[in-house]
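To start, the structure itself, in structure tokens.
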Amino acid sequence: MKTIKDYIRTIVDFPHEGILFRDVTTLFADPRGFRMAVDQMLHPYAGQRIDVVVGLEARGFILGGAIAHQLGTGFVPIRKKGKLPGTTISQDYKLEYGEAIVEIHDDAIQAGQRVLIVDDLLATGGTAEAGIGLVERLGGAIVGCAFIVDLPDLGGRKRLEALGMEVHALCAFEGL
């Protein structure tokens, strides 16, 4: 029987030399793999009240939409700067190889709503930490952060756990 890891391909030297890119598009393309990922990402939160799912750009949108559908909740995207119409709040953060800014609509989360944050991969934790900051600034209560892949050598899990977040990942890959 296949595991989540079996559906993920590794692309060497992308986007830079020395990087082993963990490509989840092969997982998304397979109906069994995709359903397995969504079901396993939901499992730790079974029985908990979740009011809204927040997906981090861009593959978090794919997962977040599917998870929100399964939970019968709304979905809120956190996008790169300049991609959302209307009034937003923003948060800057550092990437593995650069800096970026993400935004959320200023009315996307209501105070006290219970939020699940999802994305495909946890590396340094910078994007997720920025998303956490945005949700918390709007008054959301984060139930947890769910990922398909954890890259433990880059320290993202420890970074999020130090913020008091519950972190769930379906699999881990060593190295960069």
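Between the exposed loop cleavage positions of the chain, defined as trypsin sites (Lys or Arg not before Pro) in a non-H, G, I, E, B DSSP state with at most 14 neighbouring beta-carbon atoms within 10 angstrom, the longest gap is 84-176.
Spacing of the modelled spin labels on V12 and F173, each 7 Å from Cα toward Cβ, amounts to 1.3 nm.
How large is the helix-only mean residue ellipticity at 222 nm for the chain, computed as the sum of -39500 (n - 2.57) over DSSP H runs with n ≥ 4, divided by its residue count, in deg cm²/dmol to the nearest 500?
One gets -8500 deg cm²/dmol as the mean residue ellipticity at 222 nm.
Give me the percent of DSSP beta bridges within the stretch 47-172 that run antiparallel, rounded to the nearest 5. Looking only at bridges with both residues in the stretch 47-172, the antiparallel portion is about 30 percent. Multiplying the residue separation of A141 and R35 by 0.36 nm and removing their Cα-Cα distance gives an extension gain of 35.5 nm. Positive-end ranking of G164, I148, I117 along the dipole of the stretch 100-176, with charges on Cβ about the Cα centre, is headed by G164.
Give the calculated FRET efficiency between D107 and M1 to the nearest 0.05, with a Förster radius of 45 Å applied to their Cβ-Cβ distance. Let's see the in-between values first.
Numbers: r = 44 Å, r/R0 = 0.98.
Once the sixth-power term is evaluated, E becomes 0.55.
Label zone (T124, point 7 Å along Cα-to-C-beta; backbone nitrogen cut-off 19 Å) within the stretch 132-160: 132-134, 149-160. Springs join every pair of Cα atoms under 10 Å in this Gaussian network model of the chain, and among H43, H105, H16 the largest mean-square fluctuation is at H16.
Only the coordinates and a few stated rules stand behind these numbers; no lab work does. Just so it is clear, the structure is predicted and the values come from calculations on it, not from any experiment. Heads up, the Cβs are rebuilt from the backbone with ideal geometry, glycines too, and the neighbour counts pull from every protein chain shown.
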